[in-house]
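Report on one structure; see the data block that follows.
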Amino acid sequence: MGLSGIAAAVPSNAVPSAAASESSHIAGQIMVKFRDNGAAAGVLRQHGLKEGAGIGSTGAQLIKVPAGKELNLIEALSRNPAVEYAEPDEVVTATTDDPYFGRQYALQNEGQPFTNTLNTLSVAKGEADADVDAVEAWTATKGGGTRVAIIDSGVAIDHEDISLRVVARTNFSDTKIVNPEDYDKYGHGTHVAGIVAAVHNTTGVAGVCPDCTILDAKVLNDNGSGSSSAIAKGIDWAVTNGAKVINMSLGLRVSSRTLETAVNNAWNQGVVIVAAAGNTGTQAKIYPGAYPNVISVAATDNTDAKASFSTYGKWVDVAAPGVNVYSTFPIHPFVLGTQNGRSTGYDVASGTSMASPIVAATAALVWSSQTSPTNATVRAKVESTADPILGTGTNWAHGRVNACAAVDCLP
């Protein structure tokens with residue numbers, strides 16, 4: 001069932017709670033940003049290196065280096081005044097674990113007797129339904145084609161309930177795509193995308209934002225891991241292709257200046273950015289969720305309690321259901337199914353990976369409901385209308401998201 005209490009859908013190489021502060025990096029490459037690009041070639045030549053490809057809009061380069069020499073070269077380059085910074089290319093991992101609509105408690109759940117006096121709305125209703133009131137939100141909007149970028153392991157090309165929602169896709173992972181079923185052999189991205197925008201029809205499940213469209217940036221490989229440079233490229237690609245919301249159900253243990261630059265550039269271009277807080281079960285910061293321009297998301301269960309595996313703390317912005325969330329999986333064999341016995345087509349998964357796309361989809365609903373939306377107004381609406389469940393102010397800042405309240409629908 002995973003490591004150190006991490007939920008079942010979290011891959012076995014995900015971030016264990018005891019190692020949240022450790023760093024692991026991609027062998028054979030580093031990221032370097034120069035103060036003067038004209039000096040780059042000469043500086044690198046001194047160390048037997050050559051210039052590399054640019055990393056999106058960050059201004060950094062991905063430099064090939066001898067395996068095992070990454071940290072030594074980073075230290076040497078950092079001493080050169082022409083170098084703004086040099087850093088490892090960190091390993092990033094997934095933060096996881098319609099006929100089936102009744103199984104989607106995160107969207108609509110009748111709930112149990114309510115005992116949490118913090119949630120005045122639920123007190124008035126006499127129940128704690130622990131969902132995000134997505135069904136009620138649909139009376140106001142279903143997303144209106146708002147583009148949500150899923151930066152993940154890819155979205156299955158041949159799934160009847162989510163593939164048609166993908167309007168553009170790209171591959172920044174180290175997986176070579178040969179056959180259509182290779183596009184998400186891990187399974188994580190397909191599950192996340194279904195939570196956001198599974199087609200609202202008579203088949204399978206319904207996404208929180210059923211009329212949203214998906215930009216599919218594949219950055220994680222068949223083992224559910226990728227690099228911070230690939231994430232940065234995915235963010236830049238998403239912005240270029242018109243994303244209004246970006247979801248990243250993934251994380252790394254240490255901050256990356258290149259990744260933070262990509263996040264800040266996207267925010268400055270007007271994009272709402274959402275990311276999983278992590279599954280460490282501690283308050284240790286996980287990135288990109290911990291960056292200020294990202295809405296970080298913790299996970300709750302169907303009683304509105306914090307999930308045992310969820311990262312938490314005052315740095316986390318909101319919470320959303322993340323335990324046994326039902327959604328799409330590839331219809332071909334996939335790694336998460338092999339690891340955890342998940343069914344092809346549809347099944348549950350747990351993790352802040354599942355909570356994050358619920359918030360991203362809610363942000364997309366808000367975007368489509370506002371007359372002149374900006375990322376700042378959308379973020380403010382999502383956070384300010386969250387239900388202040390138990391743990392608000394300590395485990396997360398603003399509460400568990402409420403899609404209906406966020407789009408000003410009538411409950």
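Yes or no: region 262-274 includes at least one residue that is farther than 26 Å from Asn402 by Cα and within 15 Å of the chain's Cα centre (by Cα). The answer is yes; a qualifying residue exists. Against the numbered list (1) surrounded by 15 or more Cβ atoms within 10 Å (Cβ to Cβ); (2) part of a loop (DSSP other than H, G, I, E, B), Pro66 comes up short only at (1). Scanning region 154-187 for residues that are under 16 Å from Gly207 (Cβ atoms) and not in a loop (DSSP other than H, G, I, E, B) yields a total of 5.
The single residue among Ala386, Ala380 that is at pLDDT 95 or above, buried (at least 24 other Cβ atoms within 10 Å of the Cβ) and on the phi < 0 side of the Ramachandran plot turns out to be Ala386. Scanning region 400-411 for residues that are small (Gly, Ala, Ser) and buried (at least 24 other Cβ atoms within 10 Å of the Cβ), we see that the one that is nearest to the chain's Cα centre (by Cα) is Ala403.
Among the residues making up region 316-332, those that are crowded, with 21+ Cβ neighbours inside 10 Å and more than 22 Å from Cys212 (Cα to Cα) are Val316, Asp317, Val323.
Within region 245-302, the residues that satisfy the criterion of being in a helix (DSSP H, G or I) and among the β-branched types (Val, Ile, Thr) are Thr258, Thr261, Val263.
It is to be established whether one or more residues within region 397-405 are within 21 Å of Ile150 (Cβ to Cβ), assigned to a helix (DSSP H, G or I), touching a Leu at 6+ places or on another chain (Cβ under 9 Å) and not basic (Lys, Arg). Scanning region 397-405, I find at least one residue that is within 21 Å of Ile150 (Cβ to Cβ), assigned to a helix (DSSP H, G or I), touching a Leu at 6+ places or on another chain (Cβ under 9 Å) and not basic (Lys, Arg), so the answer is yes.
Candidates Val335, Val297: the one that is in the same structural domain as Trp267 (by TED's automatic domain parsing) and surrounded by 22 or more Cβ atoms within 10 Å (Cβ to Cβ) is Val297.
The values are calculated or read from the model by the stated rules, or taken from the named source; none is laboratory data. Everything numeric in this text was worked out from a predicted model, so none of it was measured. Cβ sites come from the backbone with ideal geometry, for glycine too, and all protein chains shown count toward neighbours.
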